[in-house]
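Just so it is clear, none of the values below were taken in a lab; they were calculated from the coordinates. Being a predicted model, the structure only gives us computed values, none of them experimental. In this analysis, Cβ positions are derived from the backbone assuming ideal geometry, glycine residues included, and neighbour counts consider all displayed protein chains.
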Amino acid sequence: MKLSILQVNTEDLSPYAIVCGDPFRAESIARKLDNVRELAFSREYRTFVGEASGVAITVVSHGVGSPGAAVCFEELIKGGVKTLIRVGTAGSYSAEVPPGSLVVSTAAVREDGLTRQLVPLGFPAVADSDVVRALFEAASETDGLVKKGITVTLDAFFQGVEEFPHQKYKQAGALAVEMEISALYVIAALRGVRAGAIVALDGYADADLREVYDPHTDVVSGAVEREIDAAIRAIVKLNQ
Ligand code: R1X
């Protein structure tokens, strides 16, 4: 069967998938795998398959924001993917986890608009505990700071006239904010598959800490490299 939006044949997909926002990042993740093939590049969704230590891994870009990303997650699950790991970037809430750190998301605050159209807000957006463990172990084997905890998923990237909810979630102990994890966790739960996410912090979300937002630094690209390696090794661990 061909997936209508990803434009990929389901027979080519593997049970494990790494998803990321940026189609160019999907390519750099795929380059770390053996026997890589590009399957399709349709809209923002670019799909590769390859192998790490003999384990087949699908790599797909999902674009920016929960609704578009949800299309990717739903089609992958329809196509037989059973474990999804998001490798992404996020804004830090605290100087204790500065840009360049990695955060494994144990659960996501549902400040997105999409998931409330799927299931009531009381339903949690929570990661699979085995995926969290594998990601945290693999990330801790790399150099640099790694934390695990709650992240916030928000639709807005640029502020309008409404206040961003960063202060209250920071006070409540959330570590970082990004734009897709709650969609991933809710959809994974509704469809009965497992999911996890690791993010590289690329700046401060908190206006008190933020200077100019520039995610194109060596510190950030080093953290992105570490999280990609960690996600690949986490999948190999999960497959053992
Ligand atoms: O999740 C966020 C979004 O995909 C993080 O980076 C993008 C916006 O720059």
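If you go through the stretch 98-124 one residue at a time, how many are within 14 Å of the ligand (Cβ to nearest atom), assigned to a loop (DSSP other than H, G, I, E, B) and in contact with a Lys or Arg (Cβ under 8 Å, 6 or more places away or on another chain)?
Qualifying residue count, the stretch 98-124: 0.
Within the stretch 124-144, count every residue that is surrounded by fewer than 15 Cβ atoms within 10 Å (Cβ to Cβ) and of a type in the set (A, V, I, L, M, F, W, C).
Total meeting the criteria: 0.
If I filter the stretch 144-166 down to residues being of a type outside the set (Gly, Ala, Ser) and in a strand (DSSP E or B), which single residue comes out as nearest to residue 229 (Cα to Cα)?
Out of the qualifying residues, it is 146.
If we keep just the residues of the stretch 63-97 that are among the charged types (D, E, K, R) and within 26 Å of residue 204 (Cβ to Cβ), which is farthest from the ligand (Cβ to nearest atom)?
Among those residues, the one meeting the criterion is 96.
Would you pick out the residues in the stretch 167-217 that are surrounded by 19 or more Cβ atoms within 10 Å (Cβ to Cβ), away from the ligand (no atom under 16 Å from the Cβ) and part of a loop (DSSP other than H, G, I, E, B)?
193
Regarding the stretch 21-29, can at least one residue be identified that is in contact with a Cys (Cβ under 7 Å, 6 or more places away or on another chain), within 25 Å of residue 153 (Cβ to Cβ) and crowded, with 17+ Cβ neighbours inside 10 Å?
yes
Which numbered condition trips up residue 87, out of (1) part of a helix (DSSP H, G or I); (2) touching a Cys at 6+ places or on another chain (Cβ under 8 Å)?
Evaluating residue 87 over (1) part of a helix (DSSP H, G or I); (2) touching a Cys at 6+ places or on another chain (Cβ under 8 Å) leaves (1) as the failure.
Among the residues of the stretch 58-78, is there at least one that is surrounded by fewer than 21 Cβ atoms within 10 Å (Cβ to Cβ), in a loop (DSSP other than H, G, I, E, B), in contact (Cβ under 8 Å) with a residue 12 or more places away in the chain and touching a Ser or Thr at 6+ places or on another chain (Cβ under 8 Å)?
no
Here are some residues: 30, 52, 17, 40. Which one is among the aliphatic types (A, V, I, L, M) and touching a Gly at 6+ places or on another chain (Cβ under 7 Å)?
When all the criteria are applied, what remains is 30.
Among the residues of the stretch 107-143 satisfying the criterion of being free of Cβ contacts under 8 Å to residues at least 60 places away in the same chain and charged (D, E, K, R), which is nearest to residue 229 (Cα to Cα)?
It comes out as 133.
So how many residues does the stretch 98-115 have that are surrounded by fewer than 24 Cβ atoms within 10 Å (Cβ to Cβ) and either among the acidic types (Asp, Glu) or farther than 16 Å from residue 221 by Cα (or both)?
So the count comes out to 6.
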